[in-house]
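To keep things clear, I will list the structure first and then write my remarks on it.
The values are calculated or read from the model by the stated rules, or taken from the named source; none is laboratory data. All values derive from a computational prediction rather than experimental measurement. Here Cβ is always computed from backbone atoms with ideal geometry, including for glycine, and neighbour counts include all displayed protein chains.
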Amino acid sequence: TVDGGVHFPLTVAEGCIFVLGDNRGISKDSRYPDVGQIDKREVLGKAIFLMYPGTDDGTYPREFDRVGAIQ
């Protein structure tokens, strides 16, 4: 649970999406009852690329295996 909110595992209702922020520790997202699942009809765009932090010189390596697919 998250502060008395969502209990996992859960089922996402048909026609809805469950959103998670990019910083789970402080993101206000679908895990909170006052946000909840989002009706797909309220989604206004679609991700076409992903920006991911890191450096080419390897001092802060990118961990692409932690990233899911954009569908």
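Quick look at the numbers
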{"read-out": "Any chance G21 is out of contact with any Pro (no Cβ under 6 Å at 6 or more places or on another chain) and at pLDDT 85 or above", "value": "no"}
{"read-out": "Residue check, P53 loosely packed, with under 11 Cβ neighbours inside 10 Å and either in a loop (DSSP other than H, G, I, E, B) or at pLDDT 90 or above (or both)", "value": "yes"}
{"read-out": "Test: residue in the stretch 33-42 that is in a loop (DSSP other than H, G, I, E, B), in contact with a strand residue (DSSP E or B) (Cβ under 6 Å, 6 or more places away or on another chain) and either small (G, A, S) or surrounded by 10 or more Cβ atoms within 10 Å (Cβ to Cβ) (or both)", "value": "yes"}
{"read-out": "Residue that is exposed (fewer than 10 other Cβ atoms within 10 Å of the Cβ) and modelled with pLDDT of 80 or more, where the choices are G45, G4", "value": "G45"}
{"read-out": "Cβ-Cβ under 8 Å pairs, at least 6 apart or on other chains, the stretch 32-44 side on the phi > 0 side of the Ramachandran plot and without any contact (Cβ under 8 Å) to a residue 60 or more places away in the chain, far side assigned to a loop (DSSP other than H, G, I, E, B) and not charged (D, E, K, R)", "value": "G36/S30"}
{"read-out": "Filtered residue count, the stretch 1-41, keeping only those that are farther than 24 Å from P53 by Cβ and in contact with an Asp or Glu (Cβ under 7 Å, 6 or more places away or on another chain)", "value": "3"}
{"read-out": "Residues satisfying the stated conditions in the stretch 1-55, i.e. basic (K, R) and over 28 Å from D65 (Cβ atoms)", "value": "K40, R41"}
